[in-house]
Amino acid sequence: MYHRIIERAKFFVSRYIALTLIVGLILRIALLMNHQTTAIPGIFEIVKTFILGVVYDFCFSMVALIPFLLLFLGWTNFKYNKWVAMLIEGFLVGMVIYVFCFHSIFDQYGGGAPLIAQIFFTYKLVSYSLRLFLPGIRKVWRLVSCQLLFFVYIFLTLLNAVSEYFFWNEFGVRYNFIAVDYLIYTSEVLGNIFESYPIVPLFVALVFIALLIQYWIQRKSFYVGADWSSRELILSGGLIVVGAVFGMSILSFSRSALQSENVFANELQSNGCYDFISAFKENKLNYEQFYALQSKEECEALMQKLCHRNLQNIQQISDSAAMVDKNIILITVESLSASFLKTYGNDKNLTPNLDRLMQESLVFDSLYAVGNRTVRGLEAVSRCAPPTTGESLIKRPDNANLFTVGSLLSRHGYQSKFLYGGNSYFDNMGTYFGGNKYEVIDKKSIDPAKITFSNIWGVCDEDMFEKAIAIMDEDAIKYEKTFLHIMTVSNHRPFTFPKGRIALQDEPEKSRDGGVKYTDYAIGKFIEQAKSRSWFKNTIFVVVADHCASSAGNIAIPIDNYHIPAFVYSPGYITPKRVSKLCSQIDLMPTVLGLIHLSYESKFIGQNILSPDFDPRAFMATYQDMGYLKNGILTVLSPVKRVKQYDVKFIPGKETEEMPVHKRNLKLIDEAQAFYQTSNMYVDRDTVNNTF
């Protein structure tokens, strides 16, 4: 009995595991040689990485065999017994009627879920009925199903390897919460992939390779599906389940206990599919559980000192001058690293308009993004607080009635509006801004006749800025002052935009450089159009990137990859000046509020950069590692209550050096903990939000 079970299972199982190990080895070699792998581990580290990689791939292959087990559970004649067959047939008929004739539970998921449910249950009904009433086809059906199952496993293994390579090529890491996050937005992501890569030829090639591998594996041994007894199914299934549990236990243990100081070594030795599952489970991190904490009393006392707050944790902002009623237009630019600008050393002349505007503006030369996602940047400039662990507050439930720039300005007579050229449901932007006193204006609000170009992410930046001009023209007549927050989209893969706008020289089509160049053109055109409007002289323009184009590096938080451009432009009102103080994205809007002399009770953690008591520091984080840069020391708070510090050495024209400190600076650790603990555990609400 046991011999028969092993013989029947080992063909598929052994060959799948072998294939997983071979593909995993080839993928690690490819990732090791990838340009994103900027810190090659030492020889012993590489040997360890590949040995652990084999163990991890083997463990996950056991987990991946669970669907194999579930499918095999159906390869038995038990389900064709009279009473069992009646129950199954009745259930399937009922489900087909339900999904076609009634509002099913699948409708709540929207998109293609209802159609998928209809196709699935129709197929199950037809296929089961054929096998039930035509017993002679069952053996052939099992044979075809088994071969198809084997092909699917081979194809998905190859597809995952290619996908992991492209993901690494973009982010320099295995799958993380970004992959999980994007999976929710199927339409945008699939559209982006199809517009960015040669998907059809790639899929055809993978199908061909998968068929060749299947033929080569089965050339001497052609497995034929057979009837499985209930006892055989239970025993073989038990073996796979035990193997899967054992594999997950090893993966879970190794993830926390066998980490290296080299970030790339950790990523290389890992298994991407397991990382995806872990990110899916862990992208909402419990700060109190995973991070080193201070007592609430210590935290509040330190925050009162650092943010000049009173005992009610309010900072009283008082300006001796009267408030100036200026419109504010905040432009957050997609993926604009400071390194793209000539102002910061780029020699490709990608941003002539931004470089020119900066010469006439108040420029913050040492301002850093808080994170590496658009929602992180949007949260930073609207909530003016350090980032949260895991998901941004923008993506979380119960994110309305927060103390935000929009709610504050609305209370002072502004019309606060958020303009996005795509669909605002993406990243939950519409819900977040709509729940915090912003009027949300997105692609649906733009007249289709006025859209000159769009891709999967939304209308081109020119069309969005044309809408912004129209909004400001209308508001100048109807209202006293407007706060308009614009989020650009064109500088995003697939980097497509209207033809004939910019001269592509060394920049290929669908390239990051081309995207930067077009967005710069669109912003320059917008400013020139604004100059002809009556409201221009009464408007402050604020331009800042949401995050950098890349966050990959040889340590958890590579500082250079968080440096972004930020400036305030208002001819005749703002005196051009270069500010070299170290500062953060969260400080930008409190500074702008200071420029209009607004007096208010602040719950922001961000501070006015121009204030004489401003304490230079910056916040930068991934979804797990929380960084705090001050006095040349980078403090990093990580899960499992780990704390690391690095001496930071800025070298003009070269990559910033970060070396582990010889002696910890406890004062800076306390400050980092206080800032992030406050931002993560004591979210500030707008207590008067319902009064305006």
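Distance between the pseudo-spin-label points of I651 and F166 (7 Å out from Cα toward the beta carbon): 3.6 nm. In loop segments of the range 429-487 as defined by DSSP, the GluC sites (Glu not before Pro) with at most 16 further C-beta atoms inside 10 Å of their C-beta are E480. Listed values for the range 432-447 are Karplus-derived 3J(HN,Hα) couplings in whole Hz (6.51 cos²θ - 1.76 cosθ + 1.60, θ = phi - 60°), namely 5, 5, x, x, 10, 6, 9, 7, 8, 10, 10, 4, 5, 8, 9, 4, and x replaces Gly and Pro.
Length gained on full extension, L71 to T38: 7.6 nm, using 0.36 nm per residue less the C-alpha separation.
Using the Cβ-Cβ distance between E288 and D319 with R0 set to 45 Å, the FRET efficiency works out to roughly 0.75. For the chain, the longest principal axis of the C-alpha atoms and the axis of helix 666-681 are separated by about 70°. Close amide H pairs (under 5 Å, H built 1.01 Å from N) link I540 with N327, I328, I329, residues at least 5 positions away or on another chain. The overall shape of the range 463-621 is oblate: from the C-alpha gyration tensor, with semi-axes ordered a ≥ b ≥ c, the ratio a/c is 1.5 or greater and a/b is no larger than b/c. The alpha carbon gyration tensor of the range 566-618 gives principal lengths a ≥ b ≥ c with a/c of 1.5 or higher and a/b no greater than b/c, which makes the shape oblate. Computed extension length for F453-N401: 15.2 nm, one decimal, from 0.36 nm per residue of separation with the Cα-Cα distance subtracted. Backbone geometry of the range 300-308 corresponds, through the Karplus equation with coefficients 6.51, -1.76 and 1.60 at θ = phi - 60°, to 3J(HN,Hα) couplings of 5, 5, 5, 5, 4, 6, 5, 10, 6 Hz, x marking Gly and Pro.
Ordered by packing density, taken as the mean number of other Cβ atoms within 10 Å over each peptide's residues, highest first, how do 635-647, 114-126 rank?
Details: 635-647: 18.0, 114-126: 15.3.
The most tightly packed comes first, giving 635-647, 114-126.
Our summary gives the chain a relative contact order of 18 percent, counting only alpha carbon pairs under 8 angstrom and 6 or more residues apart.
Between K296 and Y344, the contour length at 0.36 nm per residue exceeds the Cα-Cα span by 13.1 nm.
Each principal axis of the Cα cloud of the range 290-683 was taken in turn, and the coordinate range along them, longest first, works out to 59, 48, 40 Å.
Couplings for the range 454-468, taken from phi via the Karplus curve 6.51 cos²θ - 1.76 cosθ + 1.60 with θ = phi - 60°, read 8, 10, 5, 7, x, 6, 5, 4, 4, 5, 5, 5, 4, 5, 5 Hz in order; Gly and Pro are left as x. This model, with +1 at the C-beta of Lys and Arg and -1 at the C-beta of Asp and Glu, gives the chain a dipole about its Cα centre of some 1920 debye.
Near G421, the amide H atoms lying under 5 Å from its own belong to M487; only residues 5 or more places off or on other chains count, and H is placed 1.01 Å from N. Between L156 and K79, how high is the FRET efficiency from 1/(1 + (r/R0)^6) when r is the Cβ-Cβ distance and R₀ = 25 Å? Nearest 0.05. The value I calculate is 0.40. Working from label points 7 Å from Cα in the Cα-to-Cβ sense, the I22 to N538 distance is 7.3 nm.
Scoring 584-593, 622-631, 660-669, 676-685 by mean Cβ neighbours within 10 Å over their residues and listing the highest first yields 584-593, 622-631, 676-685, 660-669. The amide H of V661, built 1.01 Å from its N in the peptide plane, has Q645, Y646, D647 as neighbours under 5 Å, considering only residues 5 or more places off or on other chains.
Helix-only estimate, please: 222 nm mean residue ellipticity of the chain, summing -39500 (n - 2.57) across DSSP H runs of length 4 or more and dividing by its residues, to the nearest 500. If you can, show how the numbers build up before the last one.
Values: 22 runs with 328 residues, N = 692.
Roughly -15500 deg cm²/dmol at 222 nm, from the helical runs in the chain.
No value in this document is a laboratory result; all are computed from the given coordinates. Remember, it's a predicted structure, so these values are computed and weren't measured experimentally. Counting neighbours? That spans all protein chains shown, and the Cβs are built from the backbone with ideal geometry, glycine included.
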